[in-house]
Amino acid sequence: MLIGDIEIHPFTDGIFRASPAYFGEHARPDGHEDLFSRHGMAWLPIGCFLVRTRDRTVLVDAGMGPDLDDAGPRRFLIGGQLPLGLRALGVSPSDVTDVVCTHLHSDHCGWLFDLAASPVFPHATIWFGAGDWNHFVASEHGAMAEHIRHGLLTYRSRVRTVERDTTIAHGITLTMTPGHTPGHLCVIIASGGQRALLLGDAIVCPVQLDEPTWQSMGDVDPALARQVRERLFRELEDGVTLGAGAHFPELQFGRVLAGQGRRWFS
Ligand SMILES: [Zn+2]
């Protein structure tokens, strides 16, 4: 995937199994059998994106990591594949200049630190929203693996928290999209008149275009998350901008075809 002269490589750390109930108690699978196609569950990726500019190698979202919380055989999130995906792209962890976490849920920051709280990407600057530092790291509101919190506190000097839209490299801008978490951000890639949005979990699945009341179980502020989703869908209607979320089926980019009965097109 090429946006001007910036490369975007989607790859996955593993699998996120979502039941209809993940999208809210009222969500029904009827009419969405193609999505909930595996014994009534959707098998979605735990997505990551490697973004390469001329002088930067940026990882957007750091997967679930090597940690396995012991939810037994019905585990919903299984990661572990990120190192393999990087290697397939010819990138070693020490090549990564920046890691952007769209937010600090466990399936987006898992490879920031290993289980001994040492940095997995030894030269990388770590970026995420200031609201998520407050919510997940500095307070006990949000659940966070202890080795990740410990790593962030120990290596605080490598962390850049952002409070407003911030350009971090030529063609790469972080834009605040709170709701799913207080500091959630999306990444805008813009180059040569082309534009893409890496949506994190601001839109979990394109099905939310057809089903605007479907939330994400993880939404910290569901009403704000819904407003932000609608804003992003409008942005994806402009005929230029392409978007992909961290859990979009097969990490396929798409856009919204405007008109009566807007629909997702990928
Ligand atoms: Zn997620």
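The values are calculated or read from the model by the stated rules, or taken from the named source; none is laboratory data. As the structure is a prediction and not an experimental result, all values here were calculated from the model. Cβ coordinates were reconstructed from backbone atoms using ideal geometry, including for glycine residues, and neighbour counts include every protein chain displayed.
Can you find a residue in the range 24-39 that is within 22 Å of the chain's Cα centre (by Cα) and outside any loop (DSSP other than H, G, I, E, B)? No, the range 24-39 has no match at all. Name the single residue that is surrounded by the fewest Cβ atoms within 10 Å (Cβ to Cβ) among those in the range 198-212 being assigned to a loop (DSSP other than H, G, I, E, B) and at pLDDT 95 or above. So, considering only residues that are assigned to a loop (DSSP other than H, G, I, E, B) and at pLDDT 95 or above, the one surrounded by the fewest Cβ atoms within 10 Å (Cβ to Cβ) is CYS205. If you check ARG74, ARG56 for being modelled with pLDDT of 95 or more, farther than 22 Å from PHE136 by Cα, surrounded by fewer than 20 Cβ atoms within 10 Å (Cβ to Cβ) and basic (Lys, Arg), only one passes: ARG56. For the range 112-141, the set of residues classified as crowded, with 22+ Cβ neighbours inside 10 Å, closer than 19 Å to GLY200 by Cα and touching an Asp or Glu at 6+ places or on another chain (Cβ under 7 Å) consists of TRP127 only.
Checked against the criterion of being farther than 17 Å from GLU7 by Cα, within 15 Å of the ligand (Cβ to nearest atom), surrounded by fewer than 20 Cβ atoms within 10 Å (Cβ to Cβ) and within 16 Å of the chain's Cα centre (by Cα), the candidates GLY183, GLY218 yield just one match: GLY218.
Selection of first residues in the range 77-97 that are under 12 Å from LEU59 (Cα atoms) and of second residues that are among the aliphatic types (A, V, I, L, M) and assigned to a helix (DSSP H, G or I), restricted to Cβ pairs under 7 Å at least 6 apart or on distinct chains, gives the following pairs, ordered by first then second residue: PRO93/LEU86.
Consider the range 187-211. How many of its residues are among the acidic types (Asp, Glu) and away from the ligand (no atom under 15 Å from the Cβ)? Before you say what the answer is, go through the steps one by one.
To start, the set of residues in the range 187-211 that are among the acidic types (Asp, Glu) comprises 201, 210-211.
Right, trim to away from the ligand (no atom under 15 Å from the Cβ) and you get 210-211.
Qualifying residue count, the range 187-211: 2.
The residues in the range 16-60 that are closer than 29 Å to THR125 by Cβ and hydrophobic (A, V, I, L, M, F, W, C) can be counted, and the count is 10.
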